[in-house]
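Report on the structure given below.
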Amino acid sequence: RDDPTESEAMKRMETNYDEGKVPDYRLPDPLTFADGTAVVTAAGWKRRRPEVLRLFETQVYGRMPGPYADTRFEVTAEDGNALGGRARRREVTVHFGAGGAAINILIYLPVGRETPAPCFLTLNFHGNHAIHADPGISLSTQWMRGDEAHGVVDNRATEAARGIVSSRWAVERILERGYALASIYYGDLDPDYDDGFRNGVHPLFETPGDAARGGEEWGAISAWAWGMHRGLDYLETDREIDAGRVVAMGHSRLGKTALWAGATDERFALVISNASGCGGAALSRRRFGETVAIINASFPHWFCDNYSKYNDKENTCPVDQHMLIALAAPRPVYVASAEGDRWADPNGEFLSALRAEPVYKLFGLKFGTTKQPQVNQPVHGRIGYHVRAGKHDVTDYDWNQYLDFADKHLK
């Protein structure tokens, strides 16, 4: 899996997998203004929403900057006959200034469309070359976590890395359904290790001699979400993409990122969280599986420093993750769990989606269930949810649900 193994985390602190040991908790109400008055209309939510967003910025993920002033897009490669004629492959570099910072977007476009295609915009863990065995994809030259099983030697990708995680991407299926797929290696934005934010995109907004980072400064999840915003900036310029129908999708820590990207950028038409767990879709107050204390100990660079105040004190946090899901309203949002992924707390992910529903009801929209559905029995209301058989992964089953859900809401 892409998160630390359960055994590694359990060496650091005790992990609860017993529903009977879930502590009593009371969730903060997204429909109560900071002054204590109730939100009772959709117009009221539009006034309440900035308050909730600000709490997540200052207490959880950190405040991300806007676009970098000196940004330019460069189409670096194109093949109109990719994947045996089933796709157009395009590679785009987004340059930030003259210092070399950049992100690389891999785009597959369906052939034969007469109108711009809706698009899934994603981040990936192993480099763009790893999502498909297509030899035309440029091999990433960025730092990668050492893993010879994934074709990484001396922290650099090798030819053996091509298509190494293709089972997670369903590229042909996405194209057959009329969607484009755009993906960015998350390491282009932040290489995902705790180094004081000296690399990736963070230094673009800092100058030598800056004061010490404050508690609200943006962490890696905000950097990755910022990169999704910049990817969408490019897609708005691509005439073959329908920028009004772009889906933010992510898995695991990048599922957390997709939820945060969708919350902070309402241009995303639909948001998908796949097995995002603690700090993503799962309710933190349940303290089931991975907890706030565990995640901050394991990955202190993911969140803003203020988030560590809530280690083992989740009930004192002014937000919980149902409020993050609610920030997508009234746009459609999908939360997915896996039965065997106890670390990510499938029940907590479902309950979080359920507790976001009152915000959607203000817009006349519903989830469509009041209890967690059976395994492999998806619910496709304005909030979508399924718990599938299996473990922490992205499977064809997941993609089938996402495509059906996107068809329902975007087509």
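The values are calculated or read from the model by the stated rules, or taken from the named source; none is laboratory data. What you see is a predicted model; the values in this text were computed from it and never measured. We place every Cβ from the backbone using ideal geometry, glycine too, and count neighbours over all the protein chains shown. Just the protein is used for accessible areas: all its heavy atoms, side chains included, with ligands, DNA and RNA removed. Shrake-Rupley method; radii C 1.70, N 1.55, O 1.52, S 1.80 Å.
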Pick from region 198-256, criterion of a type in the set (S, T, Y) and at pLDDT 95 or above, ranking: nearest to A275 (Cα to Cα): S252
Residues within region 95-108 that are assigned to a strand (DSSP E or B) and either surrounded by 23 or more Cβ atoms within 10 Å (Cβ to Cβ) or not aliphatic (A, V, I, L, M) (or both), tallied: 8
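Counting residues that are touching a residue at least 40 places away in the same chain (Cβ under 8 Å), over 21 Å from D18 (Cα atoms) and in contact with a helix residue (DSSP H, G or I) (Cβ under 8 Å, 6 or more places away or on another chain), which helices (runs of 4 or more DSSP H) fully inside region 265-382 reach at least 3? Write out each step before concluding.
Values: elements: 292-298, 321-326, 346-361.
Once the helices (runs of 4 or more DSSP H) in region 265-382 are filtered for at least 3 residues that are touching a residue at least 40 places away in the same chain (Cβ under 8 Å), over 21 Å from D18 (Cα atoms) and in contact with a helix residue (DSSP H, G or I) (Cβ under 8 Å, 6 or more places away or on another chain), what remains is 321-326, 346-361.
Given the residues Y334, Y307, which is the only one that is of a type in the set (S, T, Y), out of contact with any Ser or Thr (no Cβ under 9 Å at 6 or more places or on another chain) and either within 18 Å of G215 (Cβ to Cβ) or modelled with pLDDT of 95 or more (or both)? Talk me through it step by step, then tell me what you get.
Working: Y334 fails: out of contact with any Ser or Thr (no Cβ under 9 Å at 6 or more places or on another chain).
Just a single option satisfies the conditions, and that option is Y307.
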Region 189-233 - residue that is in contact with a Leu (Cβ under 9 Å, 6 or more places away or on another chain) and open to solvent by 10 Å² or more (accessible area, probe 1.4 Å) and, of those, nearest to L121 (Cα to Cα): R230
Condition met for N296 (within 18 Å of Q59 (Cβ to Cβ) and not small (G, A, S)): yes
Verdict on P67 being of a type outside the set (A, V, I, L, M), part of a loop (DSSP other than H, G, I, E, B) and surrounded by 14 or more Cβ atoms within 10 Å (Cβ to Cβ): no
Selection within region 117-160 - under 23 Å from the mean Cα position of the chain (by Cα), assigned to a helix (DSSP H, G or I) and modelled with pLDDT of 95 or more: N128, H129, A130
